[in-house]
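Since the structure comes first, as structure tokens, the remarks are kept for the end.
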Amino acid sequence: QVQVVESGGGLVQPGGSLKLSCAASGTTTPIYVMRWHRQGPGKQRELVASFSTAGNTRYEDSVKGRFTVSGDNARNTMYLQMNSLKPEDTAVYLCEVIYASESGTDYLTAWGQGTQVTVSS
């Protein structure tokens with residue numbers, strides 16, 4: 001059973017920075033991709049950034065140039081450095097881990113509980 005734990009959220013003023021962490025444990029098969037999603041108040045969940053264990057990254061348009069995703073494959077950990085934060089970045093940030101099944105023929109997904117990011121003066 002894969003466990004996913006996010007940390008690093010908090011209250012920050014507009015223009016400020018935060019760094020989120022996502023740690024996956026209990027994996028016995030390879031992790032392929034780790035993703036950050038967010039869900040703001042009254043909004044649908046959206047994909048913010050993704051990091052593959054091959055080192056590829058992708059970003060949602062509204063965070064390009066402000067957020068940077070990175071990972072430590074040896075520790076099954078992904079980070080999200082968020083700079084120039086805006087009130088519209090306020091959301092619960094959730095980590096999704098996509099990993100191989102035991103048979104190696106399927107992809108499985110595990111989610112964390114999320115960490116709250118609030119951008120407000």
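The values are calculated or read from the model by the stated rules, or taken from the named source; none is laboratory data. Everything quoted here is computed from the prediction, not taken from an experiment. All Cβ positions, even for glycine, are placed from backbone atoms using ideal geometry, and neighbour counts span all protein chains on display. Protein only, heavy atoms only, side chains kept; ligands, DNA and RNA dropped before computing areas. Shrake-Rupley method; radii C 1.70, N 1.55, O 1.52, S 1.80 Å.
Does region 55-113 come out rounded, prolate or oblate, given a ≥ b ≥ c as the square roots of the eigenvalues of its C-alpha gyration tensor, rounded meaning a/c under 1.5 and, failing that, prolate meaning a/b above b/c? It comes out prolate by the Cα gyration axes. In order along region 86-96, phi translates into HN-Hα couplings of 10, x, 6, 7, 4, 4, 8, 9, 10, 9, 10 Hz, rounded to whole numbers, per the Karplus curve 6.51 cos²θ - 1.76 cosθ + 1.60 with θ = phi - 60° and x for Gly and Pro. In this structure, the amide hydrogen of GLY114, modeled 1.01 Å from its nitrogen in the peptide plane, lies closer than 5 angstrom to those of GLU6, CYS95, counting only residues at least 5 positions away or on a different chain.
Distance from the alpha carbon centroid of region 54-86 to that of region 5-21 works out to 13 angstrom.
Just add up the charged neighbours of MET78: K/R +1, D/E -1, any other residue whose Cβ is under 12 Å from the Cβ of MET78. With Lys, Arg at +1 and Asp, Glu at -1, the neighbours total 0. Positive end of the dipole of the chain (Cβ unit charges, origin at the Cα centre): among ALA91, PRO14, GLY65, the Cα lying farthest that way belongs to PRO14.
Magnitude of the charge dipole for region 2-121, about its Cα centre and with charges confined to Cβ atoms of Lys, Arg (+1) and Asp, Glu (-1), is about 300 debye.
Accessible surface area normalised per residue over the chain is 54 Å², counting heavy atoms of protein chains with a 1.4 Å rolling probe.
Highest average first, the peptides 61-72, 80-91 ordered by how many other beta carbon atoms sit within 10 Å of their residues are 80-91, 61-72.
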